[in-house]
Structure formats: structure tokens, C-alpha cells
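What follows is a single structure, written as C-alpha cells, with notes after it.
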Amino acid sequence: MMERAQDAADLTGNHYMSFPRISLADGSVPTLSALHAGIGGVLAFEGDPLLRLTFARSGDSPRPLDHPQWKRLERWIPRAEAAFDDDLHITITYCAPGGYEPLAHGGFILCEITNQSTAALNLDVVADLRITGASLHVASPRRMHGTHRAAAGVIDRGVALEVGTPGVSAGLGVTTDGEETQFEIVNSNGELSLFTADMEAARRAGEVLHVRISTHVPIRAGRTVKRAIYFGVGRDRDSALGHAAHLSRVGATRLLREARLELTHLTRRVSDVKLSEIINRNLLYNHYCGLARGLDDDRLYPVSSRSPLHTPGAAVNERETLFWTLPCITLTDPLLAREVLRDAFELYSAQPGLQWRYLDGGVITPGFCLEQALLYPLALDRYVRETGDDSILDDPLVQDVLREIDGALDSRLHPDLLLCNTEVLPDGEPADQPYPSLGNIMLWAYAQALPRIWRAEDGEAPSAFEGAAEDISAAIWQRFMADFEGAQIFVRTTDLAKQSAVYDDPLMSLSLMSFFGFCKPDDPTLLDTMMLLRSTPYPFWRAGAAPGLASRRHPAAPSLAALCADLLGARKNDALRILRSLQLTDGIASDSYDAATGATAAGPHAAALAGLLAWSLVHAIDGPTKPEGKARK
């Protein structure tokens, strides 16, 4: 059972719609969210709260469940159970059905009511929708201005909420599977009137637009009756209500069964119960909240997080997409991983290595990062090796992008050495010196991968890095070392002459050197480097019960990404011990954690980082493995 506190909450979702927060106190839902590619971000329908379920006997005032007990089905579907008076037992399940179902633009709330008495009873299930507007989450959140509207369905039975303006709008459709359902509008005095097909209600942003949906449910003695409320999202009110109606025709029982089956295919079996919970909770969160399909175009987009609690939200970069999310998706669904990889090559490779992008590939934050640019070929190579699917290498777009990146790397070469420069480090901070050690180790890995991923054309000039791995390796060992208190250590950046910087960027830590194959985890130089960078003399090491590595940009608390990097290297056992002690919000990855308590410090619900946490744990426990995901038909 989950702990129930006044402010505690749970969540769930699929690739189209999510319930970002579900109150464990009363089951209310403050927001529903979906990704709108045309607007360019994650759109959150907001309310006061947006949805509250209550129940009433004839003549009584509606009231919520009293002290519900919560659990999760398959670690992802929240369910509440409670007695209602002495003779009724009510179970409420919140589900956004997953799987490769292109028409599942939404979700549902299923109420199962059991009459435990010896006489027939009647109960009203009441859903109050109180929308106050919407917010848009891109690199930062902002309120959407204008009116929000409610209208009764014309083609399909139900009510649709809509925000935005014609052409730049989004709709949330709501319907039920009960025949005895009333849709009513509630005015400011609490008076109700039937919502008919010729009615539309509108309010300005911030004002409450209140719609009530009531379903009368007769229940015979000893029987259980099911009633569901269905939600659909779409580019306008018509498509939103159409998707809700589609889900109602399929039915909540079938949708729930198929959703649970899909979740069993996604989760991983791990012998350690504690770590299994962390892996699968974060694996599922990454799968459904680090990726989203546009409600307006059905295309799959990687995002930093779909949660309104996390910033950035719908911004994109190569590190989060290709190094944090893609390996996790490859574990569970190789065909979906191929789609993510192929779309990343198409949408985001025009200027590789930039800090942040919009969903359509436009630039939010410029600044070339060598490590991020190299993730295109390295992610491609890893995908092919792990899945055995080398057909993607025959895609002309993929080969064109490889040549463009090869040219970009060539333009950044030192005049005399096969080493490349950078402008910024992965955390966005300017590089102290122009040549990064980890970036050039990844350049060495790229040279190693070239024979596997490059499809040479007749008469084509070879890559500048073909056969260059040994020269790059020699240059790294000669130029990226420094003496520190009698020990040889790796520096983070250098000018290749006199100046160098001893630093570790948590978002792409030097601990990853062995993961990329440059040296063994027990290499003496790497061990001495880690010993320094993970000790109190280093100014960004945060000691405590859950110690960890912070950064210049966020020096107050340790970064979870650095802890994940340690899972992949020589500090695996220390990282596992620290990870077991963390108390992350909802069990989901956060940007940083408190070194003293292990609790989330900043950036909760970090969906892309949840992917890194899940697959790095699997890697630490089992080592590199073949994907377990099923092939879609």
C-alpha cells in the first residue's frame, strides 16, 4: 500500500495523455496533460481541481471516499479502495492505456461499486470538472491566455473542454458509459442546468468553468456494477470528444486488461526487490513521460519530462534523448527505440551538439557541446549492437547525417592533433579550456565505431577519423593528464599546451570513461581521478549520509546523473549503496538529491533522467544485455 498524506499524490499516463498528480487524500486530479506539437510544448489542463469524484445516495449530498487505501497495479496504475457507508465498497482505478494503439488518445477512471447488503441500492457517481485554464511547458512554464470553453457533444455524447483559439487550440473530451448520465453546467450560485447541444459556456483565464457529470447507478444485492468516465485529447473539441467516445466503445474492462498486459511486457525481472522497484518505476516513467505523441500529429517526441513539476518540460537535447532515454527504451521496445533514434536523426541533427531545442528542432540555447554531437553515431552504433537491427544503417538520411557530423567534427580538429574542441560542457557551462577529455574519448569511440556504421559509397572520400583510433588514444594519454599531489589524474579540459582544468561535469561524468571502453574500470589513473573528484578536498563533492557530486551550475546538492554514471564504472558498489538510501519523490528520478537525507532536492519527475537511472541499474546488476521487449505486429 502507498502512504496516504494530505499532500501525497500518485501519477500515471500513456504516450498521449497523463494524470500528472492524483491526490491520495480524496482522489482528485488537479491537471491532465498532453503534448501539442503545433503549440510546441506540453499542455496542462488545469482546474480547482480539474476533476473531483464524489458519490451520493438519493437525496444526500455528494461526498468523496473516506480514507481510501491505495495501491498500484503493475507499478503504474493507481487504484483506491474504500467502504462507502456500511453496505457499499468502491474501487476507483485511474488508467491511461498504453501499448501501440494509435487511437488511445486519452484515459479513463473506472469505478467498481459492490453492494454488500441484502437489498437493492442506488448510487449517483458525480464528476465535477472545474477548469481554470491551461499552462504550456517548454523550456519554462507559462500561462496560456484567453478563454476556456465547454460545449456539449454534437457527433458524440459528452462534453468537451477547449483552450486556445481556432487553429491553435486543444480539447479535452469527457464521456461515460452509463446510460443514465446527465451533463450539467453549474453557475456561480451553484445552480445546475442541463448542458444541451446548442449550449457553450466560456470563462476568462483564471476563472472557474464548472461542469457536472452525474451517472445514476442501480445495484442489486450482492452485485458489483462498473461505471467509467473516459477522457480524450485532441486538437479541438470534436476530436477530443471523438477519442473519448472511442475509448468508451472499447470499454474500460478491456482497456485495463490490455494496459496491464502491456506493462508486464515492459517491466524487468530483477532479483533484488528494492532495486527492482526503483528500476521498473523509473523505466515506466521514462517510457510514458520521457516520450510523448503529439495530440495533433501522432508523431513521437522525446522530452525532458511531461510533468508540470519539472523544468525544462518539452525541451530536447541529444544527451537526454540519445544517452538517457534511448538505451532504456531499447531494453523494453526495440521498435519504439528505432523510431526515437530515426526521428532524432531527422529532427535534431541539423546543428548537432546544441544545448536545447524545441520539439521541431529549432534552437532554444546555442553553444556547441562535443559530447552531445558525438552521441548520434555512438547511439546508432549501440542500438545496432544491442538489437542486431543493422537495417537502419541503410537509411539514406542516417548516412547523410553521419557525414554531416563527420564534417562538423573535422572542422573542430586541432591543426596538428586528432583532437576536437568544444564551446560548452554538457551542463551548459563554458568550457574552461577548449579541448575536453571525455568528448575526445567519445571521439575515439566514434573512430572505433566507424567500420561498423559507415556505409561507404563508390569514389567517396573516407572519413577523417577512419583508422584514427590509435592516434586519438595516444593523444589523450599524452595531453589530458596532470600531476596532483603525486598522482596522475585525468583533467576535464585543456588547451593542449599549458593550461588545464580539474573538474567533473555530473551530466556526463569522467566516470563514464570506462563505459565508453577507453580504459578498464580499475585503471589506476581513472581510480586516482575518481578518488579525488569523490572526496572532500574537491569543492563540488557533497558529503553526508547520501554523498554525491554537485556542479558549478547547481552547487548545493548532488546530481543524480553523476550517481548513475558511477553505476557504470568503478564506483558501482558505492553508487548502489547510496542509491538504496535515496527517498526520491514518488520513487522517480530527480535532478538532484539532499546529501544529508537522500530526499529529492530539485527537479522532481525528471523523465529522461529516469531512463538513465533504470538502464544504468540494469547494466550495473546484469551487465550489457539484449533487449527483452517484444516486436509489435
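The values are calculated or read from the model by the stated rules, or taken from the named source; none is laboratory data. The structure displayed is predicted, hence computed values, not measured ones. Ideal geometry is used to build each Cβ from the backbone, glycine not excepted, and the neighbour counts take in all protein chains shown. Ligands, DNA and RNA are stripped out before the accessible areas are found, and what is left, the full protein with its side chains, is counted by its heavy atoms. Shrake-Rupley method; radii C 1.70, N 1.55, O 1.52, S 1.80 Å.
So, GLU423, is that one modelled with pLDDT under 95, open to solvent by 30 Å² or more (accessible area, probe 1.4 Å) and charged (D, E, K, R) or not? Answer is no for this residue. Going by the conditions given, is ARG293 touching a His at 6+ places or on another chain (Cβ under 7 Å), of a type outside the set (A, V, I, L, M, F, W, C) and within 22 Å of SER140 (Cα to Cα)? When the stated conditions are applied, ARG293 passes them.
Assess whether ARG260 counts as being open to solvent by 60 Å² or more (accessible area, probe 1.4 Å) and within 29 Å of the chain's Cα centre (by Cα). Spell out how you get there, then give the answer.
Working: open to solvent by 60 Å² or more (accessible area, probe 1.4 Å): yes; within 29 Å of the chain's Cα centre (by Cα): yes.
In short, yes.
Residue count for the stretch 235-249, restricted to those that are open to solvent by less than 40 Å² (accessible area, probe 1.4 Å) and out of contact with any helix residue (DSSP H, G or I) (no Cβ under 7 Å at 6 or more places or on another chain): 8.
Among the residues making up the stretch 450-476, those that are open to solvent by 90 Å² or more (accessible area, probe 1.4 Å) and closer than 30 Å to MET531 by Cα are GLU470, ASP471. Does the stretch 248-269 contain at least one residue that is in a helix (DSSP H, G or I) and farther than 28 Å from ILE229 by Cβ? Checked against the condition, which is being in a helix (DSSP H, G or I) and farther than 28 Å from ILE229 by Cβ, the stretch 248-269 yields no hits at all. Of the strands (runs of 3 or more DSSP E) contained entirely in the stretch 95-157, those carrying at least 3 residues that are surrounded by fewer than 20 Cβ atoms within 10 Å (Cβ to Cβ) fall at 121-137, 141-143. When LEU335 is tested against the conditions (1) within 22 Å of the chain's Cα centre (by Cα); (2) of a type in the set (A, V, I, L, M, F, W, C); (3) part of a loop (DSSP other than H, G, I, E, B), the lone failure is (3). Do you know which of the residues in the stretch 119-147 that are in contact with a Ser or Thr (Cβ under 6 Å, 6 or more places away or on another chain) and β-branched (Val, Ile, Thr) is farthest from VAL42 (Cα to Cα)? Looking at residues that are in contact with a Ser or Thr (Cβ under 6 Å, 6 or more places away or on another chain) and β-branched (Val, Ile, Thr), I get VAL125.
Would you check which residues across the stretch 397-421 are among the basic types (Lys, Arg) and closer than 14 Å to GLY439 by Cα and list them? Working first, answer last.
Keep residues of the stretch 397-421 that are among the basic types (Lys, Arg), which gives 403, 412.
The answer is ARG412, and nothing else.
With the requirement that a residue be without any contact (Cβ under 8 Å) to a residue 60 or more places away in the chain and either of a type in the set (Ser, Thr, Tyr) or open to solvent by 10 Å² or more (accessible area, probe 1.4 Å) (or both), what does the stretch 389-402 give you? Passing the criteria: ASP389, ASP390, SER391, ASP395, PRO396, LEU397, GLN399, ASP400. Among the residues of the stretch 567-579, just one is under 17 Å from ALA610 (Cβ atoms) and either open to solvent by 10 Å² or more (accessible area, probe 1.4 Å) or acidic (Asp, Glu) (or both), namely LEU568. The set of residues in the stretch 437-479 being out of contact with any Asp or Glu (no Cβ under 6 Å at 6 or more places or on another chain), closer than 13 Å to LEU418 by Cα and not in a helix (DSSP H, G or I) consists of PHE465, GLU466, GLY467, ALA468.
Quick check on this structure: which one of GLY133, GLY146, GLY164, GLY98 is over 21 Å from GLU207 (Cβ atoms) and among the small types (Gly, Ala, Ser)? Result: GLY98 is the single residue among GLY133, GLY146, GLY164, GLY98 that is over 21 Å from GLU207 (Cβ atoms) and among the small types (Gly, Ala, Ser).
Kindly establish whether TYR288 is open to solvent by less than 30 Å² (accessible area, probe 1.4 Å), at pLDDT 95 or above and in contact with a helix residue (DSSP H, G or I) (Cβ under 8 Å, 6 or more places away or on another chain). The answer is no for TYR288.
I'm checking my understanding of the structure. Among residues of the stretch 263-285 that are hydroxyl-bearing (Ser, Thr, Tyr) and open to solvent by 30 Å² or more (accessible area, probe 1.4 Å), which one is nearest to SER616 (Cα to Cα)?
First pass over the stretch 263-285, keeping only residues hydroxyl-bearing (Ser, Thr, Tyr): 264, 267, 271, 276, 285.
Now narrow it down to the ones that are open to solvent by 30 Å² or more (accessible area, probe 1.4 Å): 264, 271.
Details: THR264: 20, SER271: 16 Å.
So, considering only residues that are hydroxyl-bearing (Ser, Thr, Tyr) and open to solvent by 30 Å² or more (accessible area, probe 1.4 Å), the one nearest to SER616 (Cα to Cα) is SER271.
Residue pairs whose Cβ atoms lie under 7 Å apart, separated by 6 or more positions or on different chains, with the first residue in the stretch 344-367 and under 20 Å from LEU402 (Cα atoms) and modelled with pLDDT under 95 and the second part of a loop (DSSP other than H, G, I, E, B) and among the β-branched types (Val, Ile, Thr), do not occur.
Please state which of the following conditions PHE515 fails to meet, knowing it meets all the rest: (1) over 16 Å from SER592 (Cβ atoms); (2) in a loop (DSSP other than H, G, I, E, B); (3) open to solvent by less than 40 Å² (accessible area, probe 1.4 Å). Every condition holds for PHE515 apart from (3).
Here is a yes/no grid of residues against (1) free of Cβ contacts under 8 Å to residues at least 60 places away in the same chain; (2) among the aliphatic types (A, V, I, L, M); (3) over 23 Å from PRO334 (Cβ atoms):
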{"position": "THR215", "(1), (2), (3)": "no, no, yes"}
{"position": "ARG220", "(1), (2), (3)": "no, no, yes"}
{"position": "VAL273", "(1), (2), (3)": "yes, yes, yes"}
{"position": "LEU283", "(1), (2), (3)": "no, yes, no"}
{"position": "CYS289", "(1), (2), (3)": "no, no, no"}
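One line per residue, one yes/no per condition, for (1) in contact (Cβ under 8 Å) with a residue 60 or more places away in the chain; (2) open to solvent by 30 Å² or more (accessible area, probe 1.4 Å):
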| residue | (1), (2) |
| --- | --- |
| GLU179 | no, yes |
| ASN187 | no, yes |
| PHE195 | no, no |
| ARG223 | yes, yes |
| ARG227 | yes, yes |
| PHE231 | yes, no |
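Scanning the stretch 41-62 for residues that are over 15 Å from ILE213 (Cα atoms) and free of Cβ contacts under 8 Å to residues at least 12 places away in the same chain, we see that the one that is surrounded by the most Cβ atoms within 10 Å (Cβ to Cβ) is ASP60.
Listed here are the residues, each with its yes/no results for (1) hydroxyl-bearing (Ser, Thr, Tyr); (2) in contact with a Pro (Cβ under 9 Å, 6 or more places away or on another chain); (3) more than 30 Å from THR165 (Cβ to Cβ); (4) crowded, with 21+ Cβ neighbours inside 10 Å.
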| residue | (1), (2), (3), (4) |
| --- | --- |
| GLY27 | no, yes, yes, yes |
| HIS36 | no, no, no, yes |
| ASP66 | no, no, yes, no |
| GLU74 | no, no, yes, no |
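For the stretch 524-543, a tally of residues being over 30 Å from ASN317 (Cα atoms), part of a loop (DSSP other than H, G, I, E, B), open to solvent by less than 60 Å² (accessible area, probe 1.4 Å) and in contact (Cβ under 8 Å) with a residue 24 or more places away in the chain returns 0.
Would you confirm whether or not the stretch 519-542 contains a residue that is among the small types (Gly, Ala, Ser) and touching a helix residue (DSSP H, G or I) at 6+ places or on another chain (Cβ under 8 Å)? No, the stretch 519-542 contains no residue that is among the small types (Gly, Ala, Ser) and touching a helix residue (DSSP H, G or I) at 6+ places or on another chain (Cβ under 8 Å).
Condition test on VAL491, is it open to solvent by 30 Å² or more (accessible area, probe 1.4 Å), touching a Phe, Trp or Tyr at 6+ places or on another chain (Cβ under 9 Å), of a type in the set (A, V, I, L, M, F, W, C) and in contact (Cβ under 8 Å) with a residue 24 or more places away in the chain? For VAL491, the condition - open to solvent by 30 Å² or more (accessible area, probe 1.4 Å), touching a Phe, Trp or Tyr at 6+ places or on another chain (Cβ under 9 Å), of a type in the set (A, V, I, L, M, F, W, C) and in contact (Cβ under 8 Å) with a residue 24 or more places away in the chain - is not met.
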